[in-house]
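Colleague: One structure follows; several queries about it will come next.
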Amino acid sequence: MKILSVLKTIFRSASYGVMFAVVLLLLVPELRENKLSLWQVFNKSEQQVQPLSYAKAVRLAGPAVVNIYSEDIQAGDSYNQQPRVTTRLGSGVIMHERGYILTNYHVVQSADLIIVVLQRGQELHAELIGYDELTDLAVLQVQANNLPVIPQSPTLKSQVGDVVLAIGNPLNLGQTVTQGIVSATGQSGLSTSYLQFLQMDAAINNGNSGGALINSNGQLVGINSAKFAQANRNVNIQGISFAVPFELAHKIMLKIIENGQVVRGWLGVDAKDNMSNFKGFIIDAITPNSPAMLAGLQAGDVVYQINDMQLGSVKQGLDVIAETTPGTILNFTISRENKQLTLPVTIVEIPKK
């Protein structure tokens, strides 16, 4: 009987132990993966919390951000005078394994020689494929193998408050990372103006132009463009910098690769949003000899539909026009003096400045 009693006690204790182990495995999944010892479980509260770090994001994106040195060679004024070489400093982002690099146009403007330096130290000569002055973007191409390409997401949408990191070569100090947040979101349409770029407060200095703005996952958010400046130099402005949003920059790059330039459609109007019912836009003024004037549009007309597209804002309408191939006829449905009219408008290429 004593033996039976002892066996029952042992069995009961073993059962409790198994039940405790099962509950522990259910509550602490790491134990099933052999990541924690039992001692670590009971001392987990005493372990230090790992510091917040963006090192992984920088490791993913950093190798694809390059230094760019563009040289402008000017002949001497006299026969014996040596040519004068002016070097501009900037950054760029490798967007495709075929060697396509996005940068700012002002970094390579009028350059006679463009040198790209990879983070692994390799120096490459770059060819200017094309540029877009409105967005200050240019596409370069280098000939090399096994190029690191920056992570990109076609569905990426930036939000105000997102943490962003600016990677570039400020003041030729070597690759440097600065951190900030998105202050205002940018636009993606081809009619985008400078002040509609992505705004952030990451520090941007000479040499950062053309570099990458990434999120905390290392994905490209935009191409760093410029630090805000105004005519009054006595006003100290901080924390206002701009970048071309990724979606727009990618769209511009594809058009440059395909055509060597970005061709935008043009209507020739000044317009504002229709605040009375928030549909379409109101034409304020019309440029002489523009497609709008030739089609019979007038100041005061309310444009609320282009072809079959209902318009919600002037920005949407101007984007439709800008992304229309020159020579295309668009049907504008307008309201004029409480009458509905439909006018065909032949869109032309935006005039060169």
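The values are calculated or read from the model by the stated rules, or taken from the named source; none is laboratory data. Small disclaimer: the values here were computed from a predicted structure and weren't measured. Methodologically, a virtual Cβ is constructed for each residue, glycine included, from the backbone with ideal geometry; neighbour enumeration extends over all protein chains shown.
Colleague: Any idea which residue in the range 239-262 is nearest to residue 133 (Cα to Cα), counting only those that are crowded, with 17+ Cβ neighbours inside 10 Å and in contact with a helix residue (DSSP H, G or I) (Cβ under 8 Å, 6 or more places away or on another chain)?
Modeller: 262
Colleague: Collect the residues in the range 318-340 that are among the β-branched types (Val, Ile, Thr), crowded, with 18+ Cβ neighbours inside 10 Å and free of Cβ contacts under 8 Å to residues at least 60 places away in the same chain, keeping them in residue-number order. Can you show your working first?
Modeller: Residues of the range 318-340 that are among the β-branched types (Val, Ile, Thr), as a first pass: 320-321, 324-325, 328-329, 333-334.
Among the residues that remain, those that are also crowded, with 18+ Cβ neighbours inside 10 Å are: 320-321, 324, 333-334.
Once the filter is applied, which keeps residues that are among the β-branched types (Val, Ile, Thr), crowded, with 18+ Cβ neighbours inside 10 Å and free of Cβ contacts under 8 Å to residues at least 60 places away in the same chain, the range 318-340 yields 320, 324, 333, 334.
For every residue, the table says whether it meets (1) in contact with a Lys or Arg (Cβ under 9 Å, 6 or more places away or on another chain); (2) surrounded by 18 or more Cβ atoms within 10 Å (Cβ to Cβ); (3) without any contact (Cβ under 8 Å) to a residue 60 or more places away in the chain.
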{"residue": "95", "(1), (2), (3)": "no, yes, no"}
{"residue": "101", "(1), (2), (3)": "no, yes, yes"}
{"residue": "110", "(1), (2), (3)": "no, no, yes"}
{"residue": "113", "(1), (2), (3)": "no, no, yes"}
{"residue": "120", "(1), (2), (3)": "no, no, yes"}
{"residue": "123", "(1), (2), (3)": "no, no, yes"}
{"residue": "127", "(1), (2), (3)": "no, no, yes"}
{"residue": "149", "(1), (2), (3)": "no, no, no"}
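Colleague: Here is a check on your reading of the model: is residue 315 surrounded by fewer than 21 Cβ atoms within 10 Å (Cβ to Cβ) and either under 27 Å from residue 226 (Cα atoms) or among the small types (Gly, Ala, Ser) (or both)? Spell out how you get there, then give the answer.
Modeller: Details: surrounded by fewer than 21 Cβ atoms within 10 Å (Cβ to Cβ): yes; either under 27 Å from residue 226 (Cα atoms) or among the small types (Gly, Ala, Ser) (or both): yes.
The answer is yes for residue 315.
Colleague: Among 306, 237, 257, which is at pLDDT below 90 and of a type in the set (Val, Ile, Thr)? So that I can check it myself, show each step before the final result.
Modeller: Values: 306 fails: at pLDDT below 90; 257 fails: at pLDDT below 90.
It is 237.
Colleague: Still on this structure, please answer the following. I'm told residue 225 meets every condition in (1) closer than 12 Å to residue 91 by Cα; (2) under 11 Å from the mean Cα position of the chain (by Cα); (3) modelled with pLDDT of 90 or more except one. Can you identify the failing condition by its number?
Modeller: Tallying (1) closer than 12 Å to residue 91 by Cα; (2) under 11 Å from the mean Cα position of the chain (by Cα); (3) modelled with pLDDT of 90 or more, residue 225 fails exactly one: (3).
Colleague: Moving to a separate point now. For a quick check of your reading of the model, give me the residue pairs whose first member lies in the range 174-194 and is more than 19 Å from residue 91 (Cα to Cα) and of a type in the set (Phe, Trp, Tyr), whose second is part of a strand (DSSP E or B) and modelled with pLDDT of 85 or more, with beta-carbon atoms closer than 9 Å and at least 6 apart or on different chains.
Modeller: 194/225; 194/242
Colleague: Of all residues in the range 129-147, which are among the aliphatic types (A, V, I, L, M) and buried (at least 16 other Cβ atoms within 10 Å of the Cβ)?
Modeller: Kept after step one, since they are among the aliphatic types (A, V, I, L, M), are these residues of the range 129-147: 129, 134, 137-140, 142, 144, 147.
Correct list: 129, 134, 137, 138, 139, 140, 142, 147.
Colleague: Given the conditions (1) in the same structural domain as residue 212 (by TED's automatic domain parsing); (2) not in a loop (DSSP other than H, G, I, E, B), report the number of the one that residue 186 does not fulfil.
Modeller: Going through (1) in the same structural domain as residue 212 (by TED's automatic domain parsing); (2) not in a loop (DSSP other than H, G, I, E, B) one by one, residue 186 breaks only (2).
Colleague: Would you pick out the residues in the range 271-284 that are exposed (fewer than 12 other Cβ atoms within 10 Å of the Cβ) and either in contact with a strand residue (DSSP E or B) (Cβ under 6 Å, 6 or more places away or on another chain) or modelled with pLDDT of 90 or more (or both)? Full working, then the answer.
Modeller: Step one: filter the range 271-284 for residues exposed (fewer than 12 other Cβ atoms within 10 Å of the Cβ), giving 272, 275-278.
Scanning the range 271-284 gives a single hit, 272.
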